[in-house]
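The next block holds one structure in the form of structure tokens; read it before the comments.
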Amino acid sequence: MQTIERIVREHPFFQGLDEASSTLIAGCARNAVFHVGEHLFREGEPADLFFLLRHGKVALEFNAPGREPLTFATLQEGEVLGAAWLFPPYRWSYDARAVELTRAVALDGKCLREKAERDHDFGYELMKRFVPVFARRLQQTRLQLLDVYGRPRTGGGRP
Amino acid sequence: MSIRSSLLPRTFRVVERHEETADTATLVLEAEDGAPLEFAPGQFNMLYAFGRGEAPISLSGDPASPQRLLHTIRAAGPVTEALAGLRPGEHLALRGPYGSRWPVEESEGKDVLVIAGGLGLAPLRPVIYRLLAARERYGRIVVLYGARGPDGLLYRAELESWRSRLDLEVEVTVDHANGAWHGDVGVVPSLIPRARFSPADAVAMVCGPEVMMRFTVAALLERGLAPEQIHLSLERNMRCGVAQCGHCQLGPFLVCRDGPVLPYTRLGELLTIHEL
Amino acid sequence: MDAVSEPARGESFVLEPRALQALLDAIVAEGYQIRGPLVRDHAVCLDEVTRVEQLPVGWTDEQEGGHYRLTRRGGSALFGCGVGQDSWKRLLHRPLALLWSAERDDGGLALSEPHEEPARFAFFGVRPCDLAAINIQDGILAAGRYPDPFYRARRQGLLTVVANCTSAGGTCFCASMGTGPRAESGFDLALTELWPDTANHALLVETGSDAGTRLLAAVPRRPAGDPERREADEATRRAVEQMGRRLDTSDIHGMLMGNLEHPRWAEVARRCLACGNCTLVCPTCFCTNFEDGGDLELRHAERTRRWDSCFTLGFTRLHGGPVRRKIRSRYRQWMTHKLATWFDQFGTSGCVGCGRCITWCPVGIDLTEESAAIRASDGRSGR
């Protein structure tokens, strides 16, 4: 059976992480399984965790009264889910729901936060991994906002 | 005048019409004179709607059936509205095929990535037909396709049948979805990091809105493809199709003649120069 | 003075000015419709010429940025005017052409092309820059996979009689573009006017084709001698010296394409009206657009082709609107196309140095000046 430390180190998000940091992270990690339809977390709940997805698919959603849930992204194997644990107020700002049987490593954000506060080198290593993910997702969100496939709203016709 | 003008189209009859999305239809056309129109994947025809004018439309059918032409048309202006609204039995005129082709034969022995956004699947579908017709000559074949929402996807039944094949990886994503959609949500470039192919030995053929293509190229480069492994299909205001009207220029290129398919190496930074 | 033997191709001869009428008559006798320069509406236009007196004899022109005036200089010079706003393009690549018409009935759609006998033109008094322009348009409209039959029909039967330039206009720069002031080849006959306003007034005629040579058979002439040849060389040299403009063409492709974001484009856009005059008077600008129309019963439709200009907003229309929204982009497109990307697309420069775009620009924008300004502050790294 794989040790949780090995799973963490082999996940693309933590690829190339040094052994000391892997040990620190593994100390805050546990395996988690979510069945179809099960929520990993819901908007407004305390955000104490984040997830390394190993298998399955998770939909990130907004819910509004009188509307079907609006999915703004799906995440899969190899991706990381959740950043709200990093900064106050440590609450989720959307729902995450398993749309397939999902296996993940759940990491205790509070535990990691404390370790990062004590060891800024470790904290910086964490940031270097999270920030590019944020940047990429922000860029993808911009692309979604652009609505590139839609009919442009500006004037001018076409044949 | 005795010489037949290259600008004079031939007449075709609509034999079938398939509704793809709310504003897009695929017409199946047969020549009135019965002569086939041989074409290569990536090429386009100029379609004429009676009294309204012409529009450049990609050939989206199987190049192995040149007597049965498929054109997927989005009603976006007076000409395309008239074309997309034609019913079986009605007529149009067309001339072509024009333009460059996707490097399908040149990609034999390699992994092939077919990456499309929105209507961009239309000019790439002939590539998929060609690849599948000689499946054993290619490595992995990956089709990545995105649209605004599930109702913007073209060729849904065909996508399903491709998806069920074991020798083809098909990933479909949409920008926006609600509960009825069980597939991926996200932009096309987000599919690239997890697609299964060998970056050192792959060819990518990309067609979609230019912004989508720019970010797709960035994701492909990040994944390790070299610029010369990437090919794009461009859209400009093609009016004559024969490099004589000047409308479709993009810097050194006349897109109707040198394109629409161009290797990314030749496009270089032209795509990021505003209003070129 | 009378013909003593059959003229041979490649030979040159001397004609007295009055012998020119015999040449015009010979051209007409061969079945050509002659088009040549004549004064109309205070400008030199190109239209039917059958008599020597119709040429702009005794006229000259002043040309500057945004300025054109015909003035009487008197005297006997036949070719004392430079090019006007008109160009041979209008006759070969027509401003408006019916491409085909369509008839629709219950049975279907039938398309037919108009029947027309192509005119057999003789262009008389073609300036070397304009001869170069015809060659450039040949490469676009008569060559390639899809030659334009309308252009080719007119071009195939064309006879060209060049008038080499012995003086230069205020906005000319053919010497920079290598197209003039003397045509080296590509003509049927080439005339060089010698010693106008003197008793020795004569025309040196060079033959460039069998068709041209044949025409001379009926024209009183004598073999050219050294004095005439020397004077023709001398006149060419004087024209080069007089040339009103100059364009530095060294590495012009790299220079312009490396400066697509140069501030000068925005600066010239503040003056440019995007009127498109430069593209209409340019003898190489070839862009066209298509127009469709039909009857109200929707049974008959026509498709026509009309000159277009890259300065119009609709020129680059895509689904979201035009690609080149700003005048800056449209001027940049026009100039970089003319001087740089034309090489990529057609293997030649798109500019022959005739100076029309400078003269006929209502605000006097001068592409030689714009090009020099960009070169003077070349923004490419390492410069």
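The values are calculated or read from the model by the stated rules, or taken from the named source; none is laboratory data. What you are looking at is a predicted structure, and each value in this text was computed from that prediction instead of being measured. Because the Cβ atoms are built from the backbone with ideal geometry, glycine has one as well, and the counts that use them run over all protein chains shown.
Candidates C:GLU369, C:GLU297, C:GLU291: the one that is part of a loop (DSSP other than H, G, I, E, B) and not aromatic (Phe, Trp, Tyr) is C:GLU297. Residues of the range A:72-106 that are within 14 Å of another protein chain (Cβ to nearest Cβ) and part of a loop (DSSP other than H, G, I, E, B): A:GLU77, A:GLY78, A:GLU79, A:TYR94, A:VAL99, A:GLU100, A:LEU101.
Per-residue answers, yes or no, for (1) of a type in the set (S, T, N, Q); (2) more than 10 Å from chain C (Cβ to nearest Cβ); (3) within 23 Å of B:VAL242 (Cβ to Cβ):
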| site | (1), (2), (3) |
| --- | --- |
| B:ARG13 | no, no, no |
| B:HIS18 | no, yes, no |
| B:THR21 | yes, yes, no |
| B:THR26 | yes, yes, no |
| B:ALA31 | no, yes, yes |
| B:LEU47 | no, yes, yes |
| B:ALA64 | no, yes, no |
| B:ARG68 | no, yes, no |
| B:ARG87 | no, yes, no |
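Return yes or no: is C:ARG375 more than 26 Å from B:ALA55 (Cβ to Cβ) and within 13 Å of another protein chain (Cβ to nearest Cβ)? Give the steps one after another, and end with the answer.
Values: more than 26 Å from B:ALA55 (Cβ to Cβ): yes; within 13 Å of another protein chain (Cβ to nearest Cβ): no.
Taking the combined requirement at face value, the residue does not satisfy it.
I'm trying to understand the selection: among the residues of the range C:283-322, which are under 22 Å from C:ILE134 (Cβ atoms) and not β-branched (Val, Ile, Thr)? Correct list: C:PRO283, C:CYS285, C:PHE286, C:CYS287, C:ARG305, C:ARG306, C:TRP307, C:ASP308, C:SER309, C:CYS310. Anything in the range B:31-52 that is under 13 Å from B:LEU94 (Cα atoms) and buried (at least 23 other Cβ atoms within 10 Å of the Cβ)? List them, or say none. Within the range B:31-52, B:PHE44, B:ASN45, B:MET46, B:LEU47, B:TYR48, B:ALA49 meet the criteria.
Restricted to the range C:108-141, and to residues there that are in contact with a His (Cβ under 9 Å, 6 or more places away or on another chain) and outside any helix (DSSP H, G or I), the residue that is modelled with the highest pLDDT is C:LEU109.
State the number of residues belonging to the range B:244-276 that are surrounded by fewer than 23 Cβ atoms within 10 Å (Cβ to Cβ) and among the small types (Gly, Ala, Ser). Here the count works out to 2.
Answer yes or no as to whether A:LEU60 is within 13 Å of A:LEU112 (Cβ to Cβ) and touching a residue at least 24 places away in the same chain (Cβ under 8 Å).
Numbers: within 13 Å of A:LEU112 (Cβ to Cβ): no; touching a residue at least 24 places away in the same chain (Cβ under 8 Å): yes.
So A:LEU60 does not fit the description; no.
Taken as a whole, the condition of being among the aliphatic types (A, V, I, L, M) and either more than 12 Å from chain B (Cβ to nearest Cβ) or in contact (Cβ under 8 Å) with a residue 24 or more places away in the chain (or both) does not apply to A:VAL148. Checked against (1) over 18 Å from the mean Cα position of the chain (by Cα); (2) at the interface with another protein chain (Cβ under 7 Å from one of its Cβ atoms); (3) in contact (Cβ under 8 Å) with a residue 24 or more places away in the chain, C:PHE286 meets all criteria but (1).
Residue-level check: of (1) over 13 Å from the mean Cα position of the chain (by Cα); (2) within 30 Å of C:ARG299 (Cα to Cα); (3) among the hydroxyl-bearing types (Ser, Thr, Tyr), B:SER65 misses just (2). Only a single item in (1) outside any loop (DSSP other than H, G, I, E, B); (2) within 14 Å of chain C (Cβ to nearest Cβ); (3) touching a residue at least 40 places away in the same chain (Cβ under 8 Å) is not met by B:GLU269, and it is number (3). Of the strands (runs of 3 or more DSSP E) lying entirely inside the range C:1-90, not one is found with 2 or more residues being in contact with a helix residue (DSSP H, G or I) (Cβ under 7 Å, 6 or more places away or on another chain), free of Cβ contacts under 8 Å to residues at least 12 places away in the same chain and not polar (S, T, N, Q). When C:PRO181, C:PRO118, C:PRO128 are screened for being of a type outside the set (S, T, N, Q) and within 12 Å of chain B (Cβ to nearest Cβ), only C:PRO118 passes.
Scan the range C:344-361 for residues that are among the β-branched types (Val, Ile, Thr) and within 14 Å of chain B (Cβ to nearest Cβ) and the total you get is 1.
Does B:VAL15 satisfy the condition of being in contact (Cβ under 8 Å) with a residue 12 or more places away in the chain, surrounded by 21 or more Cβ atoms within 10 Å (Cβ to Cβ) and not in a loop (DSSP other than H, G, I, E, B)? Walk me through it before giving the result.
On the way: in contact (Cβ under 8 Å) with a residue 12 or more places away in the chain: yes; surrounded by 21 or more Cβ atoms within 10 Å (Cβ to Cβ): no; not in a loop (DSSP other than H, G, I, E, B): yes.
Spelling it out, it is not the case that B:VAL15 is in contact (Cβ under 8 Å) with a residue 12 or more places away in the chain, surrounded by 21 or more Cβ atoms within 10 Å (Cβ to Cβ) and not in a loop (DSSP other than H, G, I, E, B).
Per-residue answers, yes or no, for (1) under 27 Å from B:ALA147 (Cα atoms); (2) crowded, with 17+ Cβ neighbours inside 10 Å; (3) not hydrophobic (A, V, I, L, M, F, W, C):
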{"residue": "A:ALA29", "(1), (2), (3)": "no, yes, no"}
{"residue": "A:ALA64", "(1), (2), (3)": "yes, no, no"}
{"residue": "A:ALA96", "(1), (2), (3)": "yes, yes, no"}
{"residue": "A:ASP108", "(1), (2), (3)": "no, yes, yes"}
{"residue": "A:LEU112", "(1), (2), (3)": "no, yes, no"}
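Do you know which residues across the range C:7-33 are among the hydroxyl-bearing types (Ser, Thr, Tyr) and either under 16 Å from C:GLU193 (Cα atoms) or more than 24 Å from the chain's Cα centre (by Cα) (or both)?
Residues of the range C:7-33 that are among the hydroxyl-bearing types (Ser, Thr, Tyr), as a first pass: C:12, C:32.
Result: C:SER12, single match.
Restricting the search to the range B:225-265, which residues are under 19 Å from C:TRP342 (Cα atoms) and out of contact with any strand residue (DSSP E or B) (no Cβ under 8 Å at 6 or more places or on another chain)? Hits for the range B:225-265 are B:GLN249, B:LEU250, B:GLY251, B:PRO252, B:LEU254, B:ASP258. Among strands (runs of 3 or more DSSP E) entirely within the range A:21-71, having at least 1 residues that are farther than 20 Å from A:PRO89 by Cα, within 14 Å of chain B (Cβ to nearest Cβ) and among the hydrophobic types (A, V, I, L, M, F, W, C) singles out A:49-55, A:57-62.
For the range C:292-343, the set of residues classified as within 8 Å of another protein chain (Cβ to nearest Cβ), among the basic types (Lys, Arg) and in contact with a Gly (Cβ under 7 Å, 6 or more places away or on another chain) consists of C:ARG317 only.
If you check C:THR192, C:THR166, C:THR171 for being away from chain B (no Cβ under 14 Å) and part of a strand (DSSP E or B), only one passes: C:THR192.
Could we say that C:ALA376 is surrounded by fewer than 19 Cβ atoms within 10 Å (Cβ to Cβ) and not charged (D, E, K, R) here? Against the criterion (surrounded by fewer than 19 Cβ atoms within 10 Å (Cβ to Cβ) and not charged (D, E, K, R)), C:ALA376 qualifies. Checked against (1) surrounded by fewer than 17 Cβ atoms within 10 Å (Cβ to Cβ); (2) over 13 Å from the mean Cα position of the chain (by Cα), A:ARG129 passes all but a single condition, namely (2).
Listed here are the residues, each with its yes/no results for (1) aliphatic (A, V, I, L, M); (2) surrounded by fewer than 19 Cβ atoms within 10 Å (Cβ to Cβ); (3) modelled with pLDDT of 95 or more; (4) out of contact with any helix residue (DSSP H, G or I) (no Cβ under 7 Å at 6 or more places or on another chain).
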residue: C:GLN156; (1), (2), (3), (4): no, yes, no, yes
residue: C:ALA175; (1), (2), (3), (4): yes, no, yes, no
residue: C:SER185; (1), (2), (3), (4): no, yes, no, yes
residue: C:GLU206; (1), (2), (3), (4): no, no, yes, yes
residue: C:ALA218; (1), (2), (3), (4): yes, yes, no, no
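Residues in the range C:345-356 that are in a helix (DSSP H, G or I), touching a residue at least 24 places away in the same chain (Cβ under 8 Å) and surrounded by fewer than 24 Cβ atoms within 10 Å (Cβ to Cβ): C:PHE346 alone.
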